[in-house]
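**Student:** Before I ask anything, let me first share the structure, which is written out below as structure tokens.
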Amino acid sequence: MSFLYPLFLAAAALIAIPILIHLFNLRRYKTVYFPSTRFLKNIQLHSQKLSQVRYKWLLALRILFLLALILAFAQPFFRSNKGDEISNRLQVIYIDNSSSMSLKKGVRNLLDLAKEAAGKQLENAPEGTRFVVLTNDKPVSYQPVPAEKAIASLKSIDISTASKSSNQIFATIQGLTQSEATAGADVYYYSDFQQSSFSAQTGEAQLQGIRFFGVPVRPEVASNVFIDTAFLATPVLQTGQSNRLIVKSRLVGKQPTTMPIMQLSINGQVKSAVSLNFNDQNETEDTLSFQVNGSGWQKIALTLNDATVRFDDTFRITARSASNLSVLVINESHPNPYIQAAFRAYNGFRMDQRSLHENANWKEYNLIILNGITRFSEDLIRQIVLGLQQGQSICIFPGKTSNLNALNEGFSKIADISIAGIDTAVQTVSNLQQGSELVRDLFERVPENVQLPIANWHYMISAGLSANQQSILSFRNGDPFLAQYTPYRGKLYVAATSAELSSGNFPGSYFFVPFLYQMTAQSKGSDAYAITAGNQQPIFLSLANADERNMLHVYGADMDLIPPQRASGGGLEVFLGNIMMHPGFYTLVAKGTDSTLIAVNGNRAESQLELWDLEKLRSTWKGDNISWMNANSTMDNGQNGSLPLWKVCVILALLMLAAESYLLARSYRKQTLAPR
């Protein structure tokens with residue numbers, strides 16, 4: 001047994017007080033006058049016997065009362081683990097500081113309650129115990145630190161938009177266990193246990209050598225209204241004309257008595273507002289119209305007056321007006337009406353058409369489309385290779401021909417691509433690669449029952465490893481319908497059939513126009529940004545002057561950072577999600593280039609507020625190495641599995657006091673009722 005406050009044991013000297021009182025009372029005698037000596041002897045013997053028994057019990061009760069009271073102040077505890085085992089285990093405290101921990105429980109938020117409970121745990125830890133404190137954004141230290149430093153580090157923990165899954169946390173702990181060469185780890189997991197971040201099932205590998213202590217910190221109310229996503233109805237922002245912004249919002253939990261108002265602001269100026277009305281699925285879709293009069297980058301902000309949860313009440317977008325994307329269409333025969341209609345529908349595109357025999361400067365165009373090509377001249381091959389080397393995007397819609405050698409000869413000089421034959425059977429595309437750059441971030445969500453294109457005929461295309469083929473749309477047998485190739489810095493797109501309606505319904509399908517827009521934007525960089533903090537996917541910027549000695553910088557309020565970046569095509573791929581953890585507007589600049597405005601939003605997974613039912617979680621997370629604790633209870637030195645006994649000592653002291661009072665009352669009653 002050990003004591004948290006052993007100095008209180010010095011008060012055990014107070015036990016001498018009842019002993020002295022007892023001895024003093026035994027020296028006192030009372031003379032009883034009675035006419036008969038025989039009866040006097042009997043009375044004296046009988047009274048002396050009762051006096052001895054009664055005083056011994058009172059003495060014992062008083063001594064036990066003082067002992068229990070002194071032990072309660074000294075706070076004893078039993079250690080259930082062996083000392084050598086304790087010293088060889090890593091002590092880890094994980095504080096979930098994701099956005100959902102900003103919710104209130106009473107007048108304080110969940111993060112403050114978790115930090116307070118962890119602080120008590122550290123204060124009561126045995127002397128010499130060292131800890132690793134982990135959070136979602138960064139660890140306080142990858143090396144174990146004394147309890148005093150760990151307590152000081154708790155004060156610096158604040159809400160972060162970063163969110164890590166339980167699997168990621170346990171993977172970090174396993175790495176720390178190996179680096180510290182410890183037998184295992186005791187992990188104290190302070191969290192609200194959201195379904196989006198905490199795994200429903202335990203994994204043997206991730207909990208190898210880990211003793212898990214779950215400490216739930218839950219809000220009183222888990223309801224929220226938030227903006228799920230927002231995007232422009234057109235690929236570019238048009239100046240002086242009506243633009244439409246499509247906004248999808250969601251409701252989690254109980255519907256508020258008063259519906260929130262969503263407000264649209266452009267560069268800080270309010271443009272419009274709408275009251276949200278949710279359907280049976282607790283979803284709503286609203287279209288807000290607005291105009292911008294100036295050119296350049298615009299700051300678009302959508303705000304909600306949701307009083308219960310505030311961290312996700314603003315959704316930000318940046319968009320550039322008058323971007324003037326340019327497309328060059330080279331036709332072997334006649335122009336294609338579907339390609340013309342795709343780019344002439346919006347003022348933000350400039351489309352030029354040339355015959356295959358006309359000369360054109362490809363450098364000023366973002367996308368070059370080769371329409372109805374059945375052969376490649378040497379000059380055309382040279383321009384294609386040069387454009388791909390400079391990072392341009394090129395799309396080829398081949399024409400139908402029986403002279404496959406003419407096509408293969410040109411493809412072989414551009415990349416390791418060949419046509420094995422032509423399939424004249426009518427087939428429906430069966431596979432869509434949603435991880436492709438054409439699909440990813442282009443569609444907010446591809447409809448589940450969307451009709452994929454049908455081809456009346458198609459070329460059977462294959463490619464070597466050097467071509468870096470990625471099938472975007474493909475048939476059931478694996479033949480690509482539309483594929484991306486990257487033999488150089490730029491991207492080459494090749495369709496297996498022509499863009500004529502006689503070849504299939506692809507020109508009129510759901511994907512045709514969006515794919516062409518995305519191809520155009522890839523070589524230039526996007527004209528609209530709404531990045532999620534923590535997203536690992538890079539953004540592409542067309543910055544020709546950025547190199548190893550002229551790095552791209554990110555500027556914000558009192559901030560100047562150099563994000564991870566790499567050359568790609570005609571610009572840079574910038575990994576902003578790794579470093580941008582706070583929502584807001586940021587400017588990206590490299591010397592000698594135009595600035596780019598970026599909007600960063602928080603992770604909407606935190607907005608779901610779908611918490612695990614604790615009883616269900618305890619039924620799936622159970623075992624000898626898994627325990628659940630209450631954050632509201634006083635955390636003793638639980639790092640070593642100790643058992644607090646001070647409450648038991650207080651109860652024993654009260655029982656001793658009650659027993660003493662009972663004996664004294666009983667003795668007084670007998671003396672009162674005795675005959676005189």
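**Student:** Per residue, how large is the accessible surface of the stretch 288-395? Use a 1.4 angstrom probe and give square angstrom.
**Tutor:** In whole numbers, the stretch 288-395 has 43 Å² accessible per residue.
**Student:** Rounded, prolate or oblate for the stretch 101-223? Axes are the square roots of the Cα gyration tensor eigenvalues, ordered a ≥ b ≥ c, and the cut-off for rounded is a/c under 1.5.
**Tutor:** Since a/c reaches 1.5 but b/c is at least a/b, the shape of the stretch 101-223 is classed as oblate.
**Student:** So which chymotrypsin sites (Phe, Trp or Tyr not before Pro) in the stretch 114-179 are both in a DSSP loop and have at most 15 other Cβ atoms within 10 Å of their Cβ?
**Tutor:** Sites meeting the loop and neighbour criteria: Y142.
**Student:** What FRET efficiency would be calculated for the residue pair K149, D594, taking the C-beta separation as r and a Förster radius of 60 Å, to the nearest 0.05?
**Tutor:** About 0.80, to the nearest 0.05.
**Student:** Here's a follow-up. Using the Karplus curve 6.51 cos²θ - 1.76 cosθ + 1.60 with θ = phi - 60°, what ³J(HN,Hα) values do you get for each residue of the stretch 416-427, in whole Hz, with x for Gly and Pro?
**Tutor:** 7, 10, 9, 10, 7, x, 10, 9, 9, 7, 6, 9
**Student:** Same structure again: Given a cut-off of 28 Å, name the pairs among K248/K299; K248/K591; K616/K647 whose C-alpha atoms lie farther apart than that in the structure shown.
**Tutor:** K248/K591; K616/K647
**Student:** Want the number for R108 to A341: 0.36 nm per residue separation, take away the alpha-carbon distance, what's left?
**Tutor:** 78.1 nm
**Student:** Once amide H atoms are built 1.01 Å from N in the peptide plane, which residues 5 or more positions from L103, or in another chain, come under 5 Å H to H?
**Tutor:** The answer is L110.
**Student:** While we're looking at this one, here's another question. For an R0 of 30 angstrom, estimate the FRET efficiency from the Cβ-Cβ distance between Q241 and Q536 and round to the nearest 0.05.
**Tutor:** That pair, Q241 with Q536, gives E of 0.25.
**Student:** Shifting gears a bit: Write down the Å³ per residue value for the convex hull defined by the alpha carbon atoms of the stretch 285-438.
**Tutor:** It comes to 213 Å³ per residue, whole-number rounded.
**Student:** Pulled fully out, how much extra length does the chain show between H357 and K56, if you take 0.36 nm times their separation in residues and subtract their Cα-Cα distance?
**Tutor:** That works out to 96.2 nm of additional length.
**Student:** Can you compute the equivalent ellipsoid semi-axes for the stretch 151-304, i.e. the square root of 5 times each eigenvalue of the Cα gyration tensor, sorted largest first and rounded to whole Å?
**Tutor:** Over the Cα atoms of the stretch 151-304, the semi-axes work out to 44, 20, 15 Å.
**Student:** Next question, about the same structure. What is the packing order of peptides 379-385, 273-279, 468-474, taking the mean over residues of other C-beta atoms within 10 Å and listing the highest first?
**Tutor:** Taking the mean over residues of other Cβ atoms within 10 Å, the ranking is 468-474, 379-385, 273-279.
The values are calculated or read from the model by the stated rules, or taken from the named source; none is laboratory data. Just so you know, these numbers come straight off a predicted model, no measurement behind them. Every residue, glycine as well, gets a Cβ built from its backbone with ideal geometry; the counts of neighbours run over all protein chains shown. Surface accessibility is based on the protein's heavy atoms, side chains included, excluding ligands, DNA and RNA. Shrake-Rupley method; radii C 1.70, N 1.55, O 1.52, S 1.80 Å.
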